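Undergrad: Quick one: structure below, then a few questions.
The values are calculated or read from the model by the stated rules, or taken from the named source; none is laboratory data. Just so it is clear, the structure is predicted and the values come from calculations on it, not from any experiment. Cβ placement follows ideal geometry from the backbone for every residue including glycine, while neighbour counts extend to all protein chains displayed.
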Amino acid sequence: MATGRILIPGCGTGHDVRAIAAACPEAEVIGIDISPTALEQAEAQSNPANAYYQLCDLFDLPADLKGSCDWLVEHTCYCAIDPAMRPAYAGAITQLLRPSIGQLLGIFFIDPYDDEHQSGGGPPHGTELAELESRFVAGLGFTEAQAYTPDVSYPGREGRERLIWYQQQPSES
Ligand SMILES: C[S@@+](CC[C@H](N)C(=O)[O-])C[C@H]1O[C@@H](n2cnc3c(N)ncnc32)[C@H](O)[C@@H]1O
């Protein structure tokens, strides 16, 4: 059971925030989103006492969040943003995580290309395992602690999601 600060970027109406806060009662769980409407809806739900929401842009983070997160949980933020912003997303991840020890748990939507929503060019925007490897392992120096295709998926995404748990390399002292 995770403790410390867990942050969900692009939390939308807060499904993940509520589920993780309920599962990790000793953690402080923060959902951030750029949409005031989404956060109004999130806050109107029945939220655990350890669930919080903060209106902010992932690409313009406030100082109080930087370097403060023990865990980041990615779920459909990466596929929602313009792929041109993915280098900035990786930069935001490193800004948010506690140096050397913060961890990233992502459920990445690997192959939305045949999704009905894809007809207009997305979002969701596709990604591939090689791109994730290049961005997070080669690019940021993370290691993959675990990676698998979940048995249980969001309806319509069966076999097209990939859970990846990334860890940072401990700093040498
Ligand atoms: C597909 S939704 C995520 C939904 C969420 N996982 C859920 O289950 O409710 C993507 C979210 O990312 C948010 N988002 C997009 N760009 C953002 C940014 N630059 N900073 C913060 N949030 C952003 C959107 O407002 C949207 O709520």
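Undergrad: Please find, within the stretch 139-159, the residue that is modelled with the highest pLDDT out of those that are in a loop (DSSP other than H, G, I, E, B) and of a type in the set (A, V, I, L, M).
TA: This residue is L140.
Undergrad: Just to be sure before I move on: is Y89 assigned to a strand (DSSP E or B), of a type outside the set (A, V, I, L, M) and within 13 Å of the ligand (Cβ to nearest atom) in the structure I sent?
TA: Against the criterion (assigned to a strand (DSSP E or B), of a type outside the set (A, V, I, L, M) and within 13 Å of the ligand (Cβ to nearest atom)), Y89 does not qualify.
Undergrad: Please count how many residues of the stretch 32-46 are of a type outside the set (S, T, N, Q) and more than 11 Å from the ligand (Cβ to nearest atom). Before the answer, list the steps.
TA: Pass one, the stretch 32-46, residues of a type outside the set (S, T, N, Q): 32-34, 36, 38-40, 42-44.
The next check asks that each one be more than 11 Å from the ligand (Cβ to nearest atom); those that pass are 40, 43-44.
Number of matching residues: 3.
Undergrad: Can you find even one residue in the stretch 59-71 that is within 13 Å of the ligand (Cβ to nearest atom), surrounded by 13 or more Cβ atoms within 10 Å (Cβ to Cβ), part of a loop (DSSP other than H, G, I, E, B) and hydroxyl-bearing (S, T, Y)?
TA: No; the residues of the stretch 59-71 include none that is within 13 Å of the ligand (Cβ to nearest atom), surrounded by 13 or more Cβ atoms within 10 Å (Cβ to Cβ), part of a loop (DSSP other than H, G, I, E, B) and hydroxyl-bearing (S, T, Y).
Undergrad: Could you tell me whether the stretch 73-83 includes any residue that is outside any loop (DSSP other than H, G, I, E, B), at pLDDT below 95 and more than 9 Å from the ligand (Cβ to nearest atom)?
TA: Looking for residues that are outside any loop (DSSP other than H, G, I, E, B), at pLDDT below 95 and more than 9 Å from the ligand (Cβ to nearest atom), one finds at least one in the stretch 73-83, hence yes.
Undergrad: Sticking with this one: For the stretch 12-31, which residues satisfy the criterion of being near the ligand (Cβ under 6 Å from one of its atoms) and either in a loop (DSSP other than H, G, I, E, B) or farther than 15 Å from I107 by Cα (or both)? Steps first, answer last, please.
TA: We begin by selecting, within the stretch 12-31, every residue near the ligand (Cβ under 6 Å from one of its atoms); these are 12-13, 15-16.
Residues satisfying the conditions are G12, T13.
Undergrad: Another one. Exactly one of these conditions fails for S100: (1) of a type outside the set (F, W, Y); (2) farther than 24 Å from P124 by Cβ; (3) part of a helix (DSSP H, G or I). Give me its number.
TA: (3) is the only condition that S100 fails.
Undergrad: Looking at the stretch 9-25, I want the residues that are touching a residue at least 12 places away in the same chain (Cβ under 8 Å) and under 11 Å from Y53 (Cα atoms) and have a partner that is within 7 Å of the ligand (Cβ to nearest atom) and of a type in the set (G, A, S) with Cβ atoms under 7 Å, at least 6 apart or on another chain. Which pairs are those?
TA: Between residues of the stretch 9-25 that are touching a residue at least 12 places away in the same chain (Cβ under 8 Å) and under 11 Å from Y53 (Cα atoms) and residues that are within 7 Å of the ligand (Cβ to nearest atom) and of a type in the set (G, A, S), the close pairs are G10/A80; G12/A38; T13/A38.
Undergrad: If A42 satisfies every condition in (1) surrounded by fewer than 18 Cβ atoms within 10 Å (Cβ to Cβ); (2) in a helix (DSSP H, G or I) but one, which is the exception?
TA: Looking at each condition in turn, A42 falls short on (1).
Undergrad: Scan the stretch 1-11 for residues that are in a strand (DSSP E or B) and buried (at least 23 other Cβ atoms within 10 Å of the Cβ) and report the count.
TA: 4
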